[in-house]
Structures are given as structure tokens and as C-alpha cells.
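As C-alpha cells, the structure follows; a few thoughts come after it.
The values are calculated or read from the model by the stated rules, or taken from the named source; none is laboratory data. This one's a predicted model, so the numbers in the text were calculated from it and none came from an experiment. Note: ideal-geometry Cβ built from the backbone for every residue, glycine included; neighbour counts use all protein chains shown.
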């Protein structure tokens, strides 16, 4: 068994690289939509509740508009997610064939939770016109729990890949005596799950708030923008310090349960005590680090609260059983970017909290809104970094210490996979581009309508209204999307 | 236990064939609706009828995949290795179909709507064909554990015929549903439009099935025997009765019952295929018992399925009920306060 593993490690099949790239590309694309699938219903329901409770037409408009965006976003999320289920078979048949019955059940939970979500979201999105207002609202209330349940299934499967358990191996190395409870609740499950759920909520919050922060910066300081900013931003700001703690405990869980991944994330070459912390930098093949900021002792302190903590190094296992130098550098950078963005967001949340504590109001500073507008984009980058950390850091294993990625990969020829990757990239760029264009177009329509009605109220004589009313706006509005910074959509 | 899960799998496939199939059929009629002006009304009806339900219908497919890899991992591995290309193309079709449909809705320019509409409609044809071809390849025993991907597995008489049959069946379902949707949404001229198409599609199914008899006789002998005797034959006869009943009901303009009979006919055919394959998952090399995953997992899969039925069932019934009652309507521009922009021509 051991010798075959070593043999396989030496011979990397040609289809491995395109298969990994294809998986990485489709997953990285899908994950951009996941925060909205998980958390946008929740934020919309908050706004919807406010609208019904206080009979607030502005909140109602916001909730309706968000649900119109949700309709398109959810559809794109459904199809990019379906692709991922296909890819388990198309790219990693070896993993599913051997381990499917050990860890696949999480996906079973995800499938029915997602089913519930799809049904309820359809009722919510199409129920605005005919259903009674409170009935409509209450029918959508199970949506956030269903989304949490779906995330439960996915994270159960992923955390099992990180810390596999709940089975024993027979003489041929096949899993027997499967224990499902153990396979679902693996050591990494708790830390990974809460870290993920909170990440989704705060990302959705910051992205949605960012849209209105941009409007605020452009001088649209009406109640509509204020409300559209405050509700999602408050959700995100409350969760940001929570996420900081959760992320910290998740990193420590990795330190205990996946020491080699931790070594890659923090670039620890040799097992040692008093290990310094490196910010960024590039790992060389001899174990030295080029560039980067060195903070003595800190890594040991972060891992075990005292400088004498012993941290396992990359070289504690054979080269074939740990991430390559490049992979370790990628995981390290992804981890550091995530931590950096997370820390900066804590400062932003504190700024917001300070203003509410002192002035009972949103901050006035333009710089605050500039930062808030960027926070959404930064969060999406951070979500990507989180996945890169956990997936690249696990290399070369697909099932940690039990199956290599090269053992799981399909036997389809590398050429076909490269061709597939090319096609998928073109299709995804087109689909995501069109999605973005459609959402931006919706925004333009709404803005024209809002400015039109504002102008109609402001202008005294109705005759003078028309030439300067809605008709004058489109030129400016049509050009606007080109100048929009990345963080606004 | 493994047998039970295998039947859950067959039922999930039948549910996808019926629910997802209706949407694919609607896509086919969208494709054949003619130019922008002529096809405007049928396309609007299709849009209106499909929008609230298509995502939920699509989830059946994910259910099928999950049951495959959790309950029968070796079979999943074998099918996805041997049927690489058709499954990859089906996945591509799924993406284009969903994206095309979802993006067409909020678009107000004719040129863009044409592109999205074409994406949606063409891939509504491609996806069921390849999924059908995969089933045909499995039924004819071309997938074994360890079979590598090759055109032989799916580019053969049985596969092509099953793929075409899948398209015809979805077209039939789509037309029957749209026929009663037309009345529901008050588009009375379209009632006869889709009535005619339902009859044509049924004719296509019958013709393809008759062609299939000699084509598959030697090629897929095991399943052929299963379908022409015992329980398989019984279900096929029932399916034929349901199909004929649908035709009669459609001719007599019975809007409610025709839906149920058309769904029953497709579901019964899938069920008959399940009986015909017994005891094999992959005829004639891998039985259900051989492919079954760990016993403990299967037990949990039954529990998860039970929870799913309890939780999702009522929600799904509510969705279909609200949909048939006409309670579900799209938000209009007036509801969200949207203005027209320059270049809008619809």
C-alpha cells in the first residue's frame, strides 16, 4: 500500500493539472455567488420585516428590488452549483468511487436543504403581488435556516476531506465499518462551519451596503440610500469581530488537526519552538524565505499562547506528502491576505460602532464611505483566499493523509480536459459578465425612476418638468457603470 | 436496504424526467416558436409558466447525483468515467439553459433577448438528449466498472434512440402542460396551438418507441426482455394507457387531468426501466447488492430521504398549488419602481 502510494506520488498524471484548474476555476466562480445565496434572503427579510412593521414604503422598495436581484443571482448560483456536482464525477471519480459512501451523506443533507430553499425562494420571489403581506413574509422565514442547513452539508463534506474519520480500512485499503455520525462531525467541522457561515453573512452585508455607500459618495443622500446602507452594514459590522475570533480559533484548530497545512499557511520549515511569524514573503526550495516581514516568536505565541509552543514544520514529512514550495507560498499569501483584510474590517466596524455610540448616527466622513464601498470587494477576495488556504494547503491530498489528488483524478485525456477548461472559461466569463450587466442595468433603471420622481416632486410647474425630467437623465446614467469601482456590485 | 435505495434512485430519476422534463419541453417549444413577432405570445407563456418552478425542478437532478455517489459509489465512478463526454456536454447544457432563461427575463432589448433565448432553447434540446443517451448506454450494458471514456459508450443506436426519445417525451410533457397553462393565463388562442403540438409530440414518442423495438432487441437484450415481460411489461402497458388517455383528454380539452396522465405515462416508463434492469444497476455486470455502499450509510440515506419527504414534500405541494392557482406572479417594473432606459425596444 505504502509503496504504491509512493509510486503514484512520483508519477503525476498529465490530466491532473487541467482537472485541478477546472475545479478551481468553477469553484472560485461559484463561491462568489454563495454569500448571496446564503445571506441575501436573510438581509432582505430584515428589510422586509421593517417595511411591514413600520409601514415603510422606502424599506419595501428596497426589499422588492433586492429580491429582483436575488431572482437572477439565485438562478446563476443554481446552475454553477449543479456543475460542481457533475465535476465530482467528471474530474474526481476515484474519490467518489472509494469514499462516496463515507462522506457523501453531507451532500444528501445539502440536497434536500437546497430543495427547500429553491421552493421557498420561488414562492417568495413570485409571491409579492398576490399573497397577503404577512403570509408572504412568514413563508420566506424558513429560508435562512434552510440556507444554514445547506451550508452544513457542504462544510461537513469539506471538513471530512480535511480531517477524515468514521471508517476503518480493510486489507485492500478500502473503507469499512463506516460510522456516519463520526464522518459528519469531524474535528474540523465546527471551526470550519461557523467561520464559513459568518463569512457568508458579512460578505453579503458589506457588498450590499457597498452599493449604497457608492451612491452616498455620489451625493445621493436620501433616506433610501441611508436605509439601504445601514441595515446590511450593521449586520456585517456586528459579525466582523465575531468572525475575527472564529477565524483565530479555526486557525488554531488547523494547527492541532492539520499541522502540515498550518506549516504551509505560516511557512514553518523546520519543527521548532519560538517560531517567528512571517507576513507574506516567498518560500524557496531550500527552506529560506525571500522578502516578507518577520515578527519574532509570534507564530508560536499565536498557536499556543506562549513562545515555547512547538510548531510542526513542513520538513517533518517527506516532500511527497506536503505541499510544494509554490503551493505553500500560495496558501501562505492567501492566509495572510485573509487575515489582513479581516483585521482592517474590524477597524472599520469599530469606527462605525464608535460613531453610533457617540453620535447615534452613521459616520459623516467621506473616507468611511470610501472604505465601506471597498469592503464588499475586499470580502469577496477574502472568501476566495479562505478557500485557497484550505484547498491548496491540503495538497497533495484530496482526502487528508488517505488519498492523493493524483489517485482520485479521472483517466480522461489531458487534452480533453484542457479543451473543457477553455470552453468553461469562455462560458463562465460570458455568463458572469451578462449577469453583472443585467444587475447594473436594473440599478440604472431604478435610479432613473427615482431621480425622475424626485425631479417631478421638486419642479413646480408641470410644463417645465418634462424636458428636464426623466428624459435628461439617461445619458449620465448610461455612462455611469463604466466608472463604477469594483466594489459596488 | 440497497434495493430500497435503488428504488429511491429510480423514483428520483422519474421525478426529474417529469418535472425537469416539462421545462425542457417548454424550451423545445420556445425554440420552435418562430421569429420574434410570431413567437412572442408562446414565448411569453413559456416564460410565465416556467419561471417560478424551474429551479426547484432542477434540484431533482442534484438529488439523483447525490444518491448515486452516496448509495452506489462504484456505479457513480463507472458511469462518470465511461460517459465523460455526454455528461460534460449535459452539464454545459444545464449552465447555458439556466443562464439563458434567467438572463432573458430582465432584458428589455430584442437583440439581447434573442441571444439569451437561443441559449436557453438550444440547450433545452441538448441536455435531455445527452442525459437520455447516457441512460441508453447504461441500459445496453456499455458501462462496466473500469470502462474508460469512449464514443462507443454513447454514440450507438440504443443511446441515440434513447436520447431522441427523451427529447420527444419532454416535448410531449411540455406541450400538455402549456396547453392547460394557456387557458390558465387566459391565452385562449394558444390552447389549440399547444394542443396540436402535444398530439404531434405523442406521435413522435410512439414512432420512436416502435423504431426502438427492433433497434434495441439485440443491442440491449437484457432490458429489452425486461420491458417485454413481467412487471416491466405491465408498467409499459399502463404507461401506454396513460399516454392514450392523455391524448383523449387533450382532444376533449380536459385541462386538469391531462397533466396527471401525461406525468404518469413518463414516470411509469422510467419505473418499467427500473424493473427491467433488476437486479442490475449496470446490466449485466454490476448488481445493486454489489454496488451498494456501506450499510450504515444506506440506513442514514433512508433517514435523510425520509426527512426530505417530510420537509420538502409539503413545500413542493404548496409551490405547485400556488402556481396552479395563479398566485405566483413576477414583480413588474412598476412594483420595483424601474424606468425604461434608452435602447429598450420591448
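With respect to residue B:286, is the statement that it is within 14 Å of chain A (Cβ to nearest Cβ), touching a residue at least 60 places away in the same chain (Cβ under 8 Å) and either out of contact with any strand residue (DSSP E or B) (no Cβ under 7 Å at 6 or more places or on another chain) or closer than 27 Å to residue B:25 by Cα (or both) true?
Values: within 14 Å of chain A (Cβ to nearest Cβ): yes; touching a residue at least 60 places away in the same chain (Cβ under 8 Å): yes; either out of contact with any strand residue (DSSP E or B) (no Cβ under 7 Å at 6 or more places or on another chain) or closer than 27 Å to residue B:25 by Cα (or both): no.
No, not satisfied.
Applying the criterion of being over 19 Å from residue B:311 (Cα atoms) and more than 18 Å from the chain's Cα centre (by Cα) to the residues of region A:138-161, the residue that is surrounded by the fewest Cβ atoms within 10 Å (Cβ to Cβ) is A:161. The residues of region B:294-307 that are in contact (Cβ under 8 Å) with a residue 60 or more places away in the chain and at the interface with chain A (Cβ under 9 Å from one of its Cβ atoms), listed by number, are B:295, B:297, B:298, B:299, B:301, B:305.
Scanning region A:95-110 for residues that are within 19 Å of residue B:59 (Cβ to Cβ) and at the interface with chain B (Cβ under 7 Å from one of its Cβ atoms) gives A:104, A:105, A:107, A:108, A:109.
Filtered by the rule that a residue be within 8 Å of chain B (Cβ to nearest Cβ) and part of a loop (DSSP other than H, G, I, E, B), region A:111-141 gives A:127, A:128, A:129, A:130, A:131.
Just so you know, in region A:417-451 the residues that are in contact (Cβ under 8 Å) with a residue 60 or more places away in the chain and within 15 Å of residue A:15 (Cα to Cα) include one that is surrounded by the fewest Cβ atoms within 10 Å (Cβ to Cβ), and it is A:418. Do the conditions hold for residue B:83, that is, is it more than 8 Å from chain A (Cβ to nearest Cβ), more than 17 Å from residue B:19 (Cα to Cα) and touching a strand residue (DSSP E or B) at 6+ places or on another chain (Cβ under 7 Å)? No, not satisfied. The selection criterion, being in contact (Cβ under 8 Å) with a residue 12 or more places away in the chain, surrounded by fewer than 24 Cβ atoms within 10 Å (Cβ to Cβ), farther than 30 Å from residue B:332 by Cβ and within 13 Å of the chain's Cα centre (by Cα), does not hold for residue B:161.
The residues listed here are A:62, A:17, A:27, A:91; of these, the one that is surrounded by 24 or more Cβ atoms within 10 Å (Cβ to Cβ), more than 7 Å from every other protein chain (Cβ to nearest Cβ) and under 26 Å from residue B:78 (Cβ atoms) is A:91.
Restricting A:328, A:320, A:303 to those that are at pLDDT below 90, more than 23 Å from the chain's Cα centre (by Cα), surrounded by 18 or more Cβ atoms within 10 Å (Cβ to Cβ) and not in a loop (DSSP other than H, G, I, E, B) reduces the list to A:303.
Let's see how each residue does on (1) more than 10 Å from chain A (Cβ to nearest Cβ); (2) within 30 Å of residue A:174 (Cβ to Cβ):
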position: B:41; (1), (2): yes, no
position: B:54; (1), (2): no, no
position: B:61; (1), (2): no, yes
position: B:71; (1), (2): no, yes
position: B:91; (1), (2): no, yes
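Suppose we filter region A:161-187 for residues that are at pLDDT 85 or above and in contact with a strand residue (DSSP E or B) (Cβ under 8 Å, 6 or more places away or on another chain); how many remain? Going through region A:161-187 one residue at a time, the tally reaches 2.
The residue list B:291, B:276 contains one member that is more than 30 Å from residue B:179 (Cα to Cα), in contact (Cβ under 8 Å) with a residue 40 or more places away in the chain and within 24 Å of the chain's Cα centre (by Cα), which is B:276. Looking at A:206, A:193, A:224, A:212, just one residue is touching a helix residue (DSSP H, G or I) at 6+ places or on another chain (Cβ under 8 Å) and modelled with pLDDT under 90, and that residue is A:224. Which count do you get for residues in region A:93-110 that are farther than 20 Å from residue A:184 by Cβ and not in a helix (DSSP H, G or I)? Qualifying residue count, region A:93-110: 0. A single member of B:257, B:224 is part of a helix (DSSP H, G or I), modelled with pLDDT of 85 or more and touching a helix residue (DSSP H, G or I) at 6+ places or on another chain (Cβ under 6 Å), and it is B:257. Comparison of A:38, A:34, A:78, A:69 shows that the only residue that is facing chain B (nearest Cβ under 10 Å), under 30 Å from residue B:76 (Cα atoms) and touching a residue at least 24 places away in the same chain (Cβ under 8 Å) is A:78. If the condition is being in contact (Cβ under 8 Å) with a residue 40 or more places away in the chain, within 9 Å of chain A (Cβ to nearest Cβ) and surrounded by fewer than 17 Cβ atoms within 10 Å (Cβ to Cβ), then region B:312-327 contributes only B:326.
Among residues that are in contact with a helix residue (DSSP H, G or I) (Cβ under 9 Å, 6 or more places away or on another chain) and either at positive phi or modelled with pLDDT under 85 (or both), residue B:21 is not included. Among the residues of region B:222-246, those identified as farther than 24 Å from residue B:171 by Cα and in contact (Cβ under 8 Å) with a residue 60 or more places away in the chain are B:222, B:223.
In region A:176-210, the qualifying residues are those that are over 22 Å from residue A:247 (Cβ atoms) and surrounded by fewer than 23 Cβ atoms within 10 Å (Cβ to Cβ), and the one that is nearest to the other protein chains (Cβ to nearest Cβ) is A:178.
What number of residues within region A:52-64 satisfy the criterion of being farther than 20 Å from residue A:236 by Cα and part of a helix (DSSP H, G or I)? Let's see the steps before the verdict.
Taking region A:52-64 and keeping what is farther than 20 Å from residue A:236 by Cα, we get A:52-58, A:60-61, A:64.
Keeping just the survivors that are part of a helix (DSSP H, G or I) gives A:52-54, A:57-58, A:60-61, A:64.
Counting residues in region A:52-64 that are farther than 20 Å from residue A:236 by Cα and part of a helix (DSSP H, G or I) gives 8.
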